[in-house]
1. Taking chain B, how much of its Cα-Cα pair set, in percent, is spaced more than 18 angstrom apart?
2. Return the percentage of antiparallel bridges among DSSP beta bridges fully within the protein assembly as shown, rounded to the nearest 5 %.
3. Trypsin sites (Lys or Arg not before Pro) within segment A:475-542: which are DSSP loop residues with at most 14 other Cβ atoms inside 10 Å?
4. According to the Cα gyration tensor, what semi-axes, each the square root of 5 times an eigenvalue, does the equivalent ellipsoid of segment A:285-327 have, listed from largest to smallest in whole Å?
5. For segment A:256-326, report the translational diffusion coefficient in µm²/s to the nearest whole number, using Stokes-Einstein at 10 °C, 1.306 mPa s, and a Kirkwood Rh over Cα pairs.
6. Which whole number of Å³ per residue matches the convex hull of the alpha-carbon atoms in segment A:2-95?
7. Around A:Gln54, what is the net charge, scoring Lys/Arg as +1 and Asp/Glu as -1 over all other residues with Cβ under 14 Å from its Cβ?
8. Residues of segment A:217-265 that become at least 50 Å² less accessible with every protein chain present than in their own chain isolated, using 1.4 Å: which are they?
Amino acid sequence: MQWDVTVKTNGEQPYSDTGNITTLEYAFPNYSYCLPRYARLDGKFENAPDKIEQGRKGYISLALSGADGEFGAKPVIEVELARKKTSNGIRLVFNQLSGDYASRVTIEWYKGEELIVEKDFLPASADYFCAVKVPLFDRFRITFHGTNKPYRYLWIGMIQNRRMTDAGGLKIVYDDIALGAKDSSVPVSDDRMDYVSMENLKEDTIEFPNHSMCLPRYARMDGSYENAPDKIVDIGYVSKSISDATGSFAVPPVIDVRFGELFSSVGITLQFNDYSQDYCSLVNIRWYQDNRLLAEKDFEPDGYLYFCYHNVDYYNRVAVTFLKTSKPFRNAFLTRIDYGLQRIFRDDEIKEIECYQEINAISEEVSINVLNFTVRSRTDIMFNFQKRQQMRLYFDEAILGVFYLQAGSRRSVTDYRMETQDAMGVLDGNQFFGGLYSGITAQDLIGQIMAGEEFDYYLDDFLQDMPIYGYLPVCTRREAMAQIAFALGAIIDTSYSLRLYIYPKQEEITGEFRKSDIFAGTVNVDHGEIVTGVRVLMHSYEPLQEQTELYKAKLTGGALVTFSEPYHTLEVTGGSISRSGDNYAYLNGTGSEVILKGKKYDHRTVTVQKENPNISRNKNVVSVEAATLVTAHNAAGVLERVYDYYTNNQSTTFRAIMAERELGQVVTVDTDFDGVKQGTVEKTSLKFSRNEITAEVTVR
Amino acid sequence: MSVMDSLIFDRSSMDLMNDTDRCYISCTDLNRVEQACEYLAGILGVAIKTKVWKMEDWRTGTEMERIRQNIAKLKEAYFVRESTPAIPVEITYTSIYQANNIEKILKDIGDMYDSMVSGIPRLPFGLGKQVLGNRR
């Protein structure tokens, strides 16, 4: 989320405030500094209070520039973003009142530790846009060298990154690959260098290094190749054999890949040496089911990244033979192999698209975000729809969400329809066995729920060590995540990131929808049902000694028994328990009668309630009963959150240009006719034009 | 032709522009340098370690430092011209000019030795090598 930024400085005044300097514009008050030629006697400047309070004043440096306007110790502001962003440049708002500004700044943009762009700027006014296009980055650092007038502090009212525009607009990246094939693969080769780890071919991030090989015409002396380290690791596959002067091998190297199960794909993508761009110009691929040859084809790659199109179903072995290299005297290189194809659709291929994203400010429910679209394919390469294939939605190279294929269909010779859902949708299809918890950290419990899932998640530092008490029944992983989020006061959000984010509900206003952002006549202020109070049940579970029979039947082999409520001290006769928890047991039997017994818990509830003291008639009390992670430890906080949420029965819907604003952000909305409303962006239905994203927005 | 005659120290920007073989560093080039070092070490009585490079080898920093130290030992053991390039702080082969300098140092040591052997002026021809009647 765009508001999840960290601003660091190398020194600032005690009253300086950089809290929301990247999203809100601050103005420094008209206090008189005693700096030369600052406080003009024209009535604009006032005496300062004895103590200037911190807050909403922006950044004011400790350093004071000298007689030449240059800083001795240069002020530096570093901004770290939780999610990667693109940039068209950075707007710097200085001291608008006095007209003072920094006369020379250097901005460096980083992606991780890598410096992507560095540029000097010479601002000429107190509101200056440092224009430069920067692809995805997650940190930038601004060094201020001097001021436009001598003896000045540096005042900054806003540092606004403007996302990249005109960078291609809408884009969907579709991984049309055989899901799980790479994880299941075991690639081997007899013809490989000693330093090669074939496991590298199961990864997605291997890049060939810029190290010098001693091959003819390989390491050009133009600074692009470096000495190699003594130990070579993680470079993918390099054959031991080297091709001859014609590029042919005496004995062609072969990579034999076996899989643990059967897979189908539209072909195989090979990435050769992505640094030198050497590739194999003739490759033979054979697909097998066990040892039965299903298909065989020669391919003639024409670049270091090549898709070998050949649709084969139900294979569990692939043999790739490298017959010829693109240049003489080369090893066969392979840095990546994908069992399928990555397709990229732009807006000229996407015919219809709907994208709905939603969060709930108290996580009483966790919605499944969806992306549905139709593409008019420009290639003859057919699709191989497989559930959970990944789609990444971008606009101007900024990520809007990651979705997983739920259903795909062909509508005509060229048109394909895809219906996808986000990670929460995937979690909704997977079971979690739950259990009783007594102080497990959020980090550990969420780790258990997400175990085995393929997507990354990010749990905010604030939430990681929060203890969780109570009970989770056997439920879907989505339901379990919703229970946790509700108990912690967290929000689960998959929008605007490659990861699933779990973060505390935002309280501070970090954005605004001005009249100019909202389409005229689209604002609707809804007044929902008036709620006068909230009732929350606190749950507790005490072990009882009373034994109950949970399973009784003749059993041969294994069986999973799940319980509708938790049990402890499980005992089995006639068989054995291979694994068990509070809500389940895996039983093994050999044909005789197996009896499973367990002891119950005493499930007690205590009600806590909060009502509006000003309303005595027509009461409407909302009751929260099934939130079994609400206990005496957290009930007070939950009650307050639910009460605050439900007693605010207003929501504002409108159509607007989204620009930098995002789901989950706390914003103000200028309704024009009903004042300025404040709330969380809970829902967006995105529409895409060539240059802009607009959305039906719900703020509550 | 002796290895000293095969040293290359005239690579130019034209090589880069025309993408000639001379602007790449391969096992052939490294072996030429190693052989020149070995030859000079033999005649100057300097103990150094050399290696035979193969196409499948990586040009490692450790080996480049060994070559650099070999050259330093050879330069210290004999005379060089005032115009002889300095030994690079690190052999990186990131430019054709460094490659030129490395081989020029070796060439200069060899040339100085050839022209100063036992203080006797060098004969204008290789004694016993020319065909009779072909003297100039």
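1. Numbers: 5375 of 9180 pairs.
For chain B, the fraction of Cα-Cα distances above 18 Å is 59 percent.
2. On the way: 195 of 208 bridges.
Around 95 percent of the beta bridges assigned by DSSP in the protein assembly as shown are antiparallel ones.
3. Working: sites: A:Arg477, A:Arg478, A:Arg499, A:Lys505, A:Arg514, A:Lys515, A:Arg535; in loops: A:Arg499, A:Lys505, A:Arg514.
Here the trypsin sites (Lys or Arg not before Pro) that fit, given the DSSP loop and packing criteria, are A:Arg514.
4. Working: eigenvalues 99, 25, 11 Å².
So the equivalent ellipsoid measures 22, 11, 7 Å along its semi-axes.
5. Numbers: Rh = 12.5 Å.
Using the Kirkwood radius from Cα pairs, D works out to 127 µm²/s.
6. Details: hull volume 12.2 nm³, N = 94.
In segment A:2-95, the Cα hull volume divided by residue count equals 130 Å³.
7. Working: positive: A:Lys51, A:Arg56, A:Lys57; negative: A:Glu12, A:Asp17, A:Glu53.
Residues close to A:Gln54 contribute a combined charge of 0.
8. A:Arg217, A:Arg220, A:Met221, A:Asn227, A:Asp230
The values are calculated or read from the model by the stated rules, or taken from the named source; none is laboratory data. This structure is a prediction, so every number in the text was calculated from the model and none was measured. Cβ atoms come from the backbone with ideal geometry, glycine included; neighbour counts cover every protein chain shown. SASA here: full protein model, heavy atoms, side chains in, ligands and nucleic acids out. Shrake-Rupley method; radii C 1.70, N 1.55, O 1.52, S 1.80 Å.
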